[in-house]
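Undergrad: Structure in structure tokens, see below.
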Amino acid sequence: MEKPTEMYSVPIWLSKWIFKDSRKTYILDNFIVKGHDKGSIFTDQYTVNKAVNKIKGRRKKHSLVPVNLTLKSQHGYGVKD
């Protein structure tokens, strides 16, 4: 079982995402994400889907591929979802 301090100490980041479609490149700037480092955030499917929904809404979204993630600044800690 996780310690209570580990569950409540997940960093909150301000990030910039770059997604690529077959024709166009999309940039999502100033998006708030939770995670310990760039690798864990980039591979978390829940977080990637939230970012894609922010760009495309309810339209077809399976063609967007995340290309780059930049963590701009850390803004505190939060609870692990």
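The values are calculated or read from the model by the stated rules, or taken from the named source; none is laboratory data. What you see is a predicted model; the values in this text were computed from it and never measured. Glycine gets a Cβ as well: all are built from the backbone with ideal geometry, and neighbour counts include every protein chain shown.
Undergrad: Considering only residues of region 25-44 that are loosely packed, with under 12 Cβ neighbours inside 10 Å and in a strand (DSSP E or B), which is farthest from the chain's Cα centre (by Cα)?
TA: Within region 25-44, the match that is farthest from the chain's Cα centre (by Cα) is T25.
Undergrad: So which of T47, T70, T5 is at pLDDT below 90 and either assigned to a strand (DSSP E or B) or polar (S, T, N, Q) (or both)?
TA: T5
Undergrad: Within region 21-43, track down each residue that is farther than 15 Å from S73 by Cβ, β-branched (V, I, T) and without any contact (Cβ under 8 Å) to a residue 40 or more places away in the chain.
TA: If the condition is that a residue be farther than 15 Å from S73 by Cβ, β-branched (V, I, T) and without any contact (Cβ under 8 Å) to a residue 40 or more places away in the chain, then I27, T43 are the ones that fit.
Undergrad: Which of the numbered conditions does F19 fail, given that it passes all the others? Conditions: (1) of a type in the set (F, W, Y); (2) within 22 Å of M7 (Cβ to Cβ); (3) in contact with a Ser or Thr (Cβ under 9 Å, 6 or more places away or on another chain).
TA: Of (1) of a type in the set (F, W, Y); (2) within 22 Å of M7 (Cβ to Cβ); (3) in contact with a Ser or Thr (Cβ under 9 Å, 6 or more places away or on another chain), only one is false for F19: (2).
Undergrad: Name every residue in region 22-65 that is farther than 30 Å from S9 by Cα and not charged (D, E, K, R), in order of residue number.
TA: Selection gives S22, T25, Y26, G57, H62, S63, L64.
Undergrad: Scan region 50-67 for residues that are in a loop (DSSP other than H, G, I, E, B) and of a type in the set (A, V, I, L, M) and jot them down.
TA: L64
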